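**Student:** Starting off with a structure, shown below.
The values are calculated or read from the model by the stated rules, or taken from the named source; none is laboratory data. None of these values were measured; they are calculated from a predicted model. Counting neighbours? That spans all protein chains shown, and the Cβs are built from the backbone with ideal geometry, glycine included.
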Amino acid sequence: MIPDRMLRIADKRQLASDRRLCETVTMAWIIIFIFGIGNFAVHRAVMESGHPLLGRMAFTSGGLGRRLAFGSEFLILLAALALASNGWLGIAWAYAVYSALNGISAWLILTGRI
């Protein structure tokens, strides 16, 4: 049996790799959060653009459909942040690719190329 004193010492010990992982997770959180702000801004700009493509989609015409679209965007952001805080640091790259695709599609819609 390990004495309580030894357990307390072991709990206070922190490795250099633990600090680096904490810093990396924090950086991933910041990156994902900034991309999330951009995604919400792009999403809102597309929703308010009055593009004919949006009128064809029944769920975006009403207020409930827009709330569901923003809710799904929020759930994607929340899932990315949760995965990043659990050590899945590659999710920051995946969310960056998702944000880039959102940005490209919004650019195509807002400039009238689609």
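**Student:** I need the helices (runs of 4 or more DSSP H) fully contained in the range 52-113, keeping only those with at least 1 residues that are modelled with pLDDT of 85 or more and surrounded by 11 or more Cβ atoms within 10 Å (Cβ to Cβ).
**Tutor:** Of the helices (runs of 4 or more DSSP H) lying wholly inside the range 52-113, those with at least 1 residues that are modelled with pLDDT of 85 or more and surrounded by 11 or more Cβ atoms within 10 Å (Cβ to Cβ) span 63-85, 90-110.
**Student:** If I37 satisfies every condition in (1) in contact with a helix residue (DSSP H, G or I) (Cβ under 7 Å, 6 or more places away or on another chain); (2) closer than 22 Å to G103 by Cα; (3) modelled with pLDDT of 75 or more; (4) not in a loop (DSSP other than H, G, I, E, B) but one, which is the exception?
**Tutor:** With (1) in contact with a helix residue (DSSP H, G or I) (Cβ under 7 Å, 6 or more places away or on another chain); (2) closer than 22 Å to G103 by Cα; (3) modelled with pLDDT of 75 or more; (4) not in a loop (DSSP other than H, G, I, E, B) applied to I37, the lone miss is (1).
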